[in-house]
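Down below is the structure, laid out as structure tokens.
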Amino acid sequence: MNGKRLSIAISGALFVASAAFAPAALALCNECGTVTNVRTVKKEGEASGVGAVAGGVIGGVLGHQLGAGRGRDVATVAGAAGGAYAGHTIEKNQKATTSYVVSVKMEDGAERTFTYRQPTSYKVGDKVKIVDKKLVRDK
């Protein structure tokens, strides 16, 4: 073998050897990603009608007690209407929910979202990992 061929052969062997012993850090982590968005989602509650009925009854009773003569009928109707509206609104507010959604761009390019009932401390740019289907900070 001449010197040039020997040099090429040695260079090729070194390249193959270095690729075989490359650090594992270069490998793709399918469970790793970066937080891309954290948002609060508020969902308005749905009223079943119970609040409106209860509010209407209570408002009607109170209105009836306040009015006198012909005004008693007007006060009863107004109290029932106001009570029904207030009861409906209160029921909707009590059933409203707030959730916290964390969006993650995975190293393999996939997008994942994680929803929490309580506020989280995740911030955009945090390095995270999925462990047992839960999001944790990558150390």
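Shown is the FRET efficiency for Q94 and C29, computed with R0 = 41 Å from the Cβ-Cβ distance and rounded to the nearest 0.05: 0.40. In this label model, E46 and K133 are separated by 2.5 nm, measuring between points 7 Å along each Cα→Cβ vector. Charge tally for G33 (other residues, Cβ to Cβ under 15 Å; Lys, Arg +1; Asp, Glu -1): +3. Measuring between alpha carbons in the structure, the pairs from K105/K139; K43/K129; K43/K127; K42/K139 lying more than 22 angstrom apart are K43/K129; K43/K127; K42/K139.
Each reported figure results from applying straightforward, stated rules to the coordinates on display, with no laboratory input. From a predicted model like this one, the values you see are computed outputs, not experimental measurements. Cβ sites come from the backbone with ideal geometry, for glycine too, and all protein chains shown count toward neighbours.
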